[in-house]
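**Q** Could you have a look at this structure, given as structure tokens, before my questions?
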Amino acid sequence: MTEKKIRVLIAKPGLDGHDRGAKVVARALRDDGMEVIYTGLRQTPEMIAEAALQEDVDVVGLSILSGAHNALVPQVIANLQANGQTDVVVFLGGIIPEDDIQNLLDHGVYKVYGPGTDTREVCKDIREAVKTKA
Amino acid sequence: MTSALIDSLRKGNRLALSRILSQVENGTDAGIAALEELFLETGTAHKIGITGPPGSGKSTLVNALTRELRRREPEKKVAIIAVDPSSPFTGGAILGDRVRMLDLQDDKQIFIRSMASRGALGGLAEQTEALSQVFDAAGYGFILIETVGAGQSEVDVVNLAHTTIVVDAPGMGDDIQSIKAGILEIADILVVNKADRPGADQSVSYLKNMVEMGYARSINNRNHHLEDFHENPVEATPSADWIPPVLKTVASEYQGITELTNAILTHAAHLRQSGQWHAKDQAAIRTNINHQLIAGLLKDFHQNVPAELVDSLVEKAQKRAISPNAAVRDLLAYNRNNTVESSE
Ligand SMILES: Nc1nc2c(ncn2[C@@H]2O[C@H](COP(=O)(O)OP(=O)(O)O)[C@@H](O)[C@H]2O)c(=O)[nH]1
Ligand SMILES: [Mg+2]
């Protein structure tokens with residue numbers, strides 16, 4: 001059998017209406033051979049967890065530019081866990097102040113990427129995270 | 001572990017359902033075992049295929065249609081399988097159909113699953129069918145299957161549906177030419193979506209013409225047939241014929257969705273009354289068994305016949321010393337002799 005495909009949900013929680021970054025990452029992951037489910041703008045944490053459940057993804061990538069990450073990200077993770085998806089890798093991209101990062105990692109975020117991150121790095125990290133999880 | 005998962009699925013646990021869908025899609029041993037068990041609990045769902053060119057509004061239509069189906073038959077759960085192509089170069093895919101189905105997010109009786117075609121041509125149909133069987137066993141009364149209508153493998157996919165809807169939109173190419181030949185013949189219902197755009201009425205009359213021509217042809221054939229047998233035409237004419245309706249919708253505005261839903265439910269009733277529901281089910285099962293039989297026989301063959309023998313015959317054929325046809329005859333003969341011995 002062929003190697004299991006990595007499935008990633010790319011979601012944008014919150015109210016900012018700008019998804020160029022999310023789309024760039026989605027394309028990079030696709031070009032790296034992953035199956036990327038894209039859900040569009042303005043998703044609540046419940047909606048994101050629900051989509052992750054229906055799609056049985058290995059990874060959830062969140063893109064947040066609004067500054068609401070401290071509130072939204074822990075909610076997404078709490079919803080994933082409430083649904084029983086305790087082993088999903090969560091990463092975060094966007095404009096995240098240095099001071100907030102440790103708190104987010106403590107809540108279970110795998111990694112935080114700022115603007116201008118090399119997408120190859122994201123691909124490599126995801127593959128590694130999924131492999132160690134399995 | 002699997003039987004616990006299957007029990008959870010039977011109790012309506014959606015994470016268990018989702019995990020089993022993945023196992024089945026990946027063709028793991030656990031997935032194959034699960035499907036063997038779950039198949040026995042299938043056979044009640046109404047499977048609806050939605051196909052048509054990219055951008056014609058299939059996902060938007062599925063969104064509107066699902067909401068209407070839930071309103072009309074609230075006791076039935078709805079599953080959606082949305083298939084998008086994988087990149088032939090990297091094997092990756094972007095599956096974006098959910099973006100058009102945001103109205104369905106709050107209803108826990110709806111389950112949307114995106115699926116990449118994974119480059120498997122005929123295999124796509126089998127995988128999609130397998131996923132639809134899991135949903136069927138899990139008690140989903142309607143299963144909507146969205147595929148891009150471009151080639152043969154998509155035709156195969158919609159063949160597993162009871163009701164096939166072909167969607168097009170005006171201005172997608174010269175008068176509806178974007179619908180490929182062959183795909184029209186599989187339509188039980190034709191939809192001209194984006195009817196808010198200019199040219200919709202021309203598209204409708206064009207399609208109606210096509211349907212009438214096709215229908216006239218089949219009537220003619222039948223009359224020939226009847227003359228041959230000197231039978232009473234009234235008695236012998238199947239009362240069951242279905243003429244595909246051509247409907248206009250504006251999916252993004254929920255226009256025409258009532259009529260479309262009526263057509264779908266009428267078609268299901270027609271299939272049941274005419275016995276075609278039963279016939280379609282049987283045909284799908286036969287195709288499924290045939291496909292698996294071919295794969296199984298080929299596997300057996302390769303176990304029985306040494307690869308060197310195959311290689312040497314390929315070489316001989318390449319030197320034009322024998323024909324491929326003769327090579328196959330030799331290989332089958334070898335396989336038969338070998339099988340007789342080993343099956344003791
Ligand atoms: N004007 C108009 N646009 C529509 C209609 N239905 C869908 N669309 C738009 O057409 C685009 C493609 O729709 P989508 O459902 O993704 O098409 P698919 O590729 O066939 O699944 C989207 O931007 C939709 O909002 C319609 O009835 N009228
Ligand atoms: Mg679509």
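**Q** Go through segment A:1-21 and give me each residue that's over 16 Å from B:Arg113 (Cα atoms), in a loop (DSSP other than H, G, I, E, B) and open to solvent by less than 50 Å² (accessible area, probe 1.4 Å).
**A** A:Lys12, A:Gly14, A:Asp16, A:Asp19
Residue-by-condition table, conditions (1) at pLDDT below 95; (2) open to solvent by 40 Å² or more (accessible area, probe 1.4 Å); (3) more than 8 Å from chain B (Cβ to nearest Cβ); (4) outside any strand (DSSP E or B):
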{"position": "A:Lys23", "(1), (2), (3), (4)": "yes, yes, yes, yes"}
{"position": "A:Arg30", "(1), (2), (3), (4)": "no, yes, no, yes"}
{"position": "A:Val36", "(1), (2), (3), (4)": "no, no, no, no"}
{"position": "A:Leu41", "(1), (2), (3), (4)": "yes, yes, yes, yes"}
{"position": "A:Glu50", "(1), (2), (3), (4)": "no, no, no, yes"}
{"position": "A:Gln54", "(1), (2), (3), (4)": "no, no, no, yes"}
{"position": "A:Val57", "(1), (2), (3), (4)": "no, no, yes, yes"}
{"position": "A:Ser66", "(1), (2), (3), (4)": "yes, yes, yes, yes"}
{"position": "A:Asn70", "(1), (2), (3), (4)": "yes, yes, yes, yes"}
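**Q** Out of all the residues in segment A:10-37, which are touching a helix residue (DSSP H, G or I) at 6+ places or on another chain (Cβ under 7 Å) and over 14 Å from A:Val122 (Cβ atoms)?
**A** Within segment A:10-37, A:Ala11, A:Lys12, A:Pro13, A:Gly14, A:Ile37 qualify.
**Q** Scan segment B:151-167 residue by residue and report those that are at pLDDT 90 or above and either within 28 Å of B:Asp196 (Cα to Cα) or surrounded by fewer than 21 Cβ atoms within 10 Å (Cβ to Cβ) (or both).
**A** Once the filter is applied, which keeps residues that are at pLDDT 90 or above and either within 28 Å of B:Asp196 (Cα to Cα) or surrounded by fewer than 21 Cβ atoms within 10 Å (Cβ to Cβ) (or both), segment B:151-167 yields B:Thr163, B:Thr164, B:Ile165, B:Val166, B:Val167.
**Q** Here is a check on your reading of the model: is A:Ile77 more than 14 Å from chain B (Cβ to nearest Cβ) and at pLDDT 95 or above?
**A** On the way: more than 14 Å from chain B (Cβ to nearest Cβ): yes; at pLDDT 95 or above: yes.
Yes; evaluated as a whole, the condition is true for this residue.
**Q** Within segment B:43-58, does at least one residue satisfy the condition of being within 14 Å of chain A (Cβ to nearest Cβ), within 16 Å of ligand 2 (Cβ to nearest atom) and under 20 Å from the mean Cα position of the chain (by Cα)?
**A** Looking for residues that are within 14 Å of chain A (Cβ to nearest Cβ), within 16 Å of ligand 2 (Cβ to nearest atom) and under 20 Å from the mean Cα position of the chain (by Cα), one finds none in segment B:43-58, hence no.
**Q** If we scan segment B:170-188, do we find a residue that is surrounded by fewer than 24 Cβ atoms within 10 Å (Cβ to Cβ) and at pLDDT 90 or above?
**A** Checked against the condition, which is being surrounded by fewer than 24 Cβ atoms within 10 Å (Cβ to Cβ) and at pLDDT 90 or above, segment B:170-188 yields at least one hit.
**Q** Still on this structure, please answer the following. Those residues that are of a type in the set (Gly, Ala, Ser) and under 15 Å from the mean Cα position of the chain (by Cα), I need them from segment A:118-134; list them, please.
**A** Across segment A:118-134, the qualifying residue is only A:Ala129.
**Q** A follow-up question, please. Just the residues that are within 16 Å of ligand 2 (Cβ to nearest atom) and within 13 Å of another protein chain (Cβ to nearest Cβ), please, taken from segment B:59-78.
**A** Of everything in segment B:59-78, those that are within 16 Å of ligand 2 (Cβ to nearest atom) and within 13 Å of another protein chain (Cβ to nearest Cβ) turn out to be B:Ser59, B:Thr60, B:Asn63.
**Q** Are there any helices (runs of 4 or more DSSP H) wholly within segment B:8-106 with 1 or more residues that are under 28 Å from A:Ala22 (Cβ atoms) and either assigned by TED's automatic domain parsing to the domain that holds B:Ile165 or within 16 Å of ligand 1 (Cβ to nearest atom) (or both), and if so which?
**A** Output list reads B:58-72.
**Q** Within segment B:80-103, identify whether any single residue is charged (D, E, K, R), open to solvent by 40 Å² or more (accessible area, probe 1.4 Å) and more than 10 Å from chain A (Cβ to nearest Cβ), and answer yes or no.
**A** The answer is yes; a qualifying residue exists.
**Q** Scan segment A:80-116 for residues that are part of a helix (DSSP H, G or I) and within 14 Å of chain B (Cβ to nearest Cβ) and jot them down.
**A** A:Leu80, A:Gln81, A:Ala82
**Q** Quick one: how many residues across segment B:113-131 are open to solvent by 10 Å² or more (accessible area, probe 1.4 Å) and facing chain A (nearest Cβ under 9 Å)?
**A** Counting residues in segment B:113-131 that are open to solvent by 10 Å² or more (accessible area, probe 1.4 Å) and facing chain A (nearest Cβ under 9 Å) gives 1.
**Q** Could I ask something else about it? Regarding A:Gly14, is this residue farther than 30 Å from B:Gly31 by Cβ, in contact with a strand residue (DSSP E or B) (Cβ under 7 Å, 6 or more places away or on another chain) and more than 9 Å from chain B (Cβ to nearest Cβ)?
**A** Yes; evaluated as a whole, the condition is true for this residue.
The values are calculated or read from the model by the stated rules, or taken from the named source; none is laboratory data. The shown structure was predicted, so the numbers you read here are calculated from the model rather than taken from an experiment. Every residue, glycine as well, gets a Cβ built from its backbone with ideal geometry; the counts of neighbours run over all protein chains shown. The accessibility values were calculated without ligands, DNA or RNA, using every heavy atom of the protein model including side chains. Shrake-Rupley method; radii C 1.70, N 1.55, O 1.52, S 1.80 Å.
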